[in-house]
Amino acid sequence: MTVLVTVCMILLGVSAYLKLPVSNMPNVQYPVITISAAYPGASADTIARLVASPIEQEVMAIQGIVSCYSTNYVGQSTIIATFSLNRSMEGIVQDIQNALQDAQSNLPKDMPTWPTYTKTNPSEQPIIYISLTSEVLTAGQLYVEGAEVVQRYMQMVEGVGLVTIYGSPPAVRAKLNADKLAYLGMSLEEVALAIDRGNPNLPSGKLDGPTISFTLDPNGNLYHARQFEEIIVTYKNGAPVYLKDLGDVVDALQERDIATYYWSRESGKTTKNAIIIAVQKEANANTVKISQAIQDKMKELETILPRSINLAVLYDQSISIIASINEVQETLMIAFVLVVFVIFLFLARPIDTMVPVVALPMSILITYILMQALGFSLDNLSLLAIILAIGFVVDDAIVVLENTVRHIEEGQKPLNAALSGAKEITGTVISMSVSLIAVFIPLLFMPGVLGRMLREFSVTIVLAVAASGVVSLTLSPLMCSFFLKMEKKGGRNRLEEFIDNAMKRLLHYYGIVLKWFLRHKPVAILLWVACLAGTGFCAYILPKTFLPPGDSGALMGSFVGMNGSSPDKMKAIQVDIEKIIQSNPYVERTYTLTGATAAVAGNQGLLVAVLGPRDERPDIEEIAWDINLKLRQYIGARAGVAPIPMITFNTGSNSNTTGAAGTQYQFELSANMDLNPLYKHTIDVVEKLREIPGLLNPMSELDNTNAELKVNILRDQASALGVTAYDIEKALYEVYASYIASYIRTSDYQYRAIVETRDDDRRFPGDLSKLYIRSSNAGIIPITAVAELIPSIGPSIIKHKNQQNMTMINFALKPGFALGDATKAIQAAASKILPQNIIAEFSGDAATFQQTTADMTLLLVIAIMVMYMILGILYESYIQPLTVLSTLPVAGFGGFLTLVLFNSEFSFYAFVGFFLLLGIINKNGIMLVDFANMHRENEGCSHEVAIFEAAQARLRPILMTGFAAIMGSLPMAMGFGADGKGRMPMGLMIVGGLVFAQCVTLLVTPVIYLYFESMRDFFGKYIKRD
């Protein structure tokens, strides 16, 4: 029966492993909505007042709103709303739709498109970026191929969700000569009207004959610039004036200032006008399989697309996932070999090692089955849980094996020894498993986004522990009865005799030392108190951080030019930045973007750099540091890069992978005050932060020196000439804001026909004198007759938080400066100079770090309380659980001291390692207390004799389980694997804590047991007397 069940579990486990979806992070539905609104040509102030504020007002009235951020710059507003986790996304979407509908009456009527929204899920970032480049096609033609062919093919791949195309749609631009318009006495609005009428798109009906109906299909639609050129705008002296007579009509782009460059080291050249397509997967889809399917589809596309188009993968997330999976497999094998070696070292019988050899993979396979049943995925967190589980899932099997071997050595037959050993140790195995599970119960109920992200991690470990307990009490005794019986026929070998003699000598010396401690109990108590104090001291002095970025193989950053930088200036900066990035020999591909779009402001640019294979280059942080050193020497712009993190706990609104100029962390200042005083306080804080030695490149995104040209309307003169303020603003909008005269409609998409003046007529303030508007009583007049131009400055970006003005200070950290030290220093500096009405707080990863560190102590207390309650139920005692829990400070001191000695940081990984350490080291106390209690019940001996015999009898299993856990975590402590450096603090915490605790708890815990048992006897007699 047991054999058949085992075979079934193996088959089901392998099947579950192969079917588990593979992704970067757990599938968590974030209640975050991103709203985008475009109002071309409007200043940041106008966007903030007329577009963002009405939408924010409606969104803030939605039930369950947590925060509402908006970023407003020239022509564009992006609003990010985060809602309570207990709200469903379906309900939020409905409320957002209603809010946008209600806000429409307060938005500018001439917005070209109404605001749109998307459901934002930071855990589902694009899994692959595809680049389209061509030396022949124009940017507009390339975009059409990308949108109408590539994007459609990508959406056909099973498991693909959203497919986003980055670039600019094509547009027909009529660049008119302002002098010719003035000569003809025409306004630009009249030209736009002529274009619209020359490109109609109206239904024409049909003719119904006696037998046939004819659908009318006039060819009024125009598609290319050469067709628009022939539109007759007006007549002059009886001769037609064509659109081409008024200026140049060209096939161009909707986003006139956008510049996208793609470079690869393989080709050695930069291709302009690159199109990037980002592919996101559906929930619970397999990232690796989708990535492979996409690349197969790309091969198919190469036969369909024009030969002049080059398709290439810019960044593939599955590469890092595959590396993580391979790392798990390698770590499994290494830990497996090390654990087997430890067991063999202690038992010296090769056949005995078959018990844990089978128990380890069986426990992991059962875990895979349960993960599939719960809808989990193989991601960075669940894989981390599997790696950690390797070190302790064999503990239960080792305890059963060792106890069975002890009974055989006492003369019992293997079958009887297996049965009696399993029965005798069942309570101990259950206690060990339950106590380890209890450590992770608080993490299961941890609130917030971080709690949801960690839930899958915690459950995976709980499943592995539970599976280990089941295997050890069912399969392991069966294997012991079979294999140990075979071994007994072969007799004892020399190695077995050597190991047994060594264990006897170790037991002898251990007994001598233990007797000394039992006679000098205060020494043991002082040692325990010193460990408790040392734990607190080391925890206090350790630098604290959140998550190391890991090595994803890609860098992301940005560059910021001076406020008011023209598109040409930004393109020149873009070229310089690319050269600096490409000078690093480990950068294989780059993509850069400039131009005022929904992604960046006009004086900003984005960049992505993909690195070569991990085994052929230095660590990603070294490469980023080297590039940043060169970028800081560039005087044309502020620029920087940062590694794209492998694991992110993105909390939704206003959380960025990288901020301005490659900075990683954000500090917010918000207040219900005008922007100018808030800006002044922001400058003061930035100057103060630059005095902190460990901060790198602190800067504010707010810059109030953006060049502006105030148009002061002369209302008396305008009224006398029959011109209204609306006429003036409408004329400015038509000429300088990419006025949409008509639409070009294809079978799949809709593009724009735009009118504007020539580039040479729109460069300098004096060019506004060439702008003419129609007067109701004076014909065509220059705009300077009814308005005066006043040079001014203003903000290039305006941010809101919960309908208040907000500024954001971005910063990065120098190597060796911990995030915990940075947050303390920043808060201390800001509190000295900011008034009380300004709210100063961190956002993004820095805010998550603060919240996590605040929760750590509470979670630790809750975990200890849960362990105490569960142990109290198992032992039916208030006192004995304290004996078991007394092992915690000893292990904690060993772990924290190891981090200090290795000059490491207390990161999130180390925090998880500390939780694991608490659960693992409990097993020492449980084995001692269980055996002592059993010995007292069976033999009726004293507490001193019972605990001494327990320590002697359980020394070998304690050492075996301890060293098995140590060996399982040793590869992590040594930094083995693709992301080994990031997980190293976790391994150091576990290995250091266990090594120290293995030595100390075997001496201190028996003494504490005696003290607590004496206390229990005293209170027991007292209660009986009463």
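The values are calculated or read from the model by the stated rules, or taken from the named source; none is laboratory data. Everything numeric here is computed off the predicted structure, so don't read it as measured data. A quick note on method: Cβ atoms are made from the backbone with ideal geometry, for glycine too, and the neighbour counts reach across all protein chains shown.
For the reader, a short list of remarks on this structure follows.
- Among the residues listed as Leu162, Leu132, Leu142, Leu137, the single one being more than 30 Å from Pro782 (Cβ to Cβ), outside the structural domain of Asn219 (by TED's automatic domain parsing) and more than 33 Å from the chain's Cα centre (by Cα): Leu137
- Residues that are polar (S, T, N, Q) and buried (at least 16 other Cβ atoms within 10 Å of the Cβ) were ranked within region 235-261; the one that is nearest to Ser566 (Cα to Cα) is Thr260.
- The listed residue being under 22 Å from Ile920 (Cβ atoms), of a type in the set (A, V, I, L, M) and outside any loop (DSSP other than H, G, I, E, B), out of Ile343, Ile322: Ile343
- Filtering region 544-583 to residues that are in contact with a helix residue (DSSP H, G or I) (Cβ under 8 Å, 6 or more places away or on another chain), assigned to a loop (DSSP other than H, G, I, E, B), buried (at least 19 other Cβ atoms within 10 Å of the Cβ) and not charged (D, E, K, R) leaves Thr545, Phe546, Leu547, Pro548, Pro549, Gly550, Ser552, Gly553, Gly561, Ser565.
- As a summary of the residue check, Glu691 satisfies the conditions (1) more than 30 Å from Ile790 (Cα to Cα); (2) touching a helix residue (DSSP H, G or I) at 6+ places or on another chain (Cβ under 9 Å); (3) not in a loop (DSSP other than H, G, I, E, B) except for the one numbered (3).
- Each residue in region 215-263 was checked for being assigned to a loop (DSSP other than H, G, I, E, B), in contact (Cβ under 8 Å) with a residue 40 or more places away in the chain and either under 23 Å from Asp761 (Cβ atoms) or in the same structural domain as Gly41 (by TED's automatic domain parsing) (or both), and 5 of them qualify.
- Residues of region 793-841 that turn out to be free of Cβ contacts under 8 Å to residues at least 60 places away in the same chain and either closer than 30 Å to Leu50 by Cβ or of a type in the set (D, E, K, R) (or both), as a count: 1
- Output for region 639-681, where each listed residue is at pLDDT 75 or above and of a type in the set (S, T, N, Q): Gln666, Ser670, Asn672, Asn676
- Odd one out for Thr592 among (1) in contact with an Asp or Glu (Cβ under 6 Å, 6 or more places away or on another chain); (2) surrounded by fewer than 22 Cβ atoms within 10 Å (Cβ to Cβ); (3) in a strand (DSSP E or B): (2)
- Meets criteria (of a type outside the set (Gly, Ala, Ser), under 30 Å from Val163 (Cβ atoms) and assigned to a helix (DSSP H, G or I)) for Ile276: no
- Residue in region 849-869 that is free of Cβ contacts under 8 Å to residues at least 12 places away in the same chain and either β-branched (Val, Ile, Thr) or touching a Gly at 6+ places or on another chain (Cβ under 7 Å) (or both) present: yes
- Hits in region 346-363 - residues which are surrounded by fewer than 22 Cβ atoms within 10 Å (Cβ to Cβ), part of a helix (DSSP H, G or I) and among the aliphatic types (A, V, I, L, M): Ile351, Met354, Val357, Val358
- Residues satisfying the stated conditions in region 600-642, i.e. more than 16 Å from Val587 (Cβ to Cβ) and charged (D, E, K, R): Asp615, Arg632, Arg638
- Selection of region 416-429 for residues being touching a residue at least 60 places away in the same chain (Cβ under 8 Å) and surrounded by fewer than 16 Cβ atoms within 10 Å (Cβ to Cβ) yields only Gly427.
- Close Cβ contacts (under 9 Å, 6 or more residues apart or on different chains) running from residues in region 728-753 that are on the phi > 0 side of the Ramachandran plot to residues that are acidic (Asp, Glu) and surrounded by 19 or more Cβ atoms within 10 Å (Cβ to Cβ) comprise Ser738/Glu255; Ser738/Glu756.
- Which listed residue is modelled with pLDDT under 90 and surrounded by 16 or more Cβ atoms within 10 Å (Cβ to Cβ), from Ile321, Ile309: Ile321
- Taking the listed residues Ala438, Ala422, Ala467, Ala502, the one that is more than 48 Å from the chain's Cα centre (by Cα) and of a type in the set (Gly, Ala, Ser) is Ala502, with no other qualifying.
- No other residue among Asp1017, Asp930 is of a type in the set (D, E, K, R), farther than 25 Å from Leu436 by Cβ and not assigned by TED's automatic domain parsing to the domain that holds Pro618 apart from Asp1017.
- Selected residue (only one of Gly268, Gly198 is small (Gly, Ala, Ser) and surrounded by fewer than 16 Cβ atoms within 10 Å (Cβ to Cβ)): Gly268
- For the condition farther than 25 Å from Leu514 by Cβ, in a helix (DSSP H, G or I) and at pLDDT below 90, Tyr1022 qualifies.
- Residue, farthest from Tyr739 (Cα to Cα), within region 91-126, restricted to residues that are assigned to a helix (DSSP H, G or I) and at pLDDT below 85: Ser123
- All positions within region 75-89 that are assigned to a loop (DSSP other than H, G, I, E, B) and closer than 13 Å to Ala37 by Cβ: Gly75
- The single condition from (1) closer than 22 Å to Ala539 by Cβ; (2) in contact with a strand residue (DSSP E or B) (Cβ under 7 Å, 6 or more places away or on another chain); (3) in the same structural domain as Ser565 (by TED's automatic domain parsing) that Ala830 fails is (1).
- Test: Ser458 is of a type in the set (S, T, N, Q), out of contact with any helix residue (DSSP H, G or I) (no Cβ under 7 Å at 6 or more places or on another chain) and surrounded by 20 or more Cβ atoms within 10 Å (Cβ to Cβ): no
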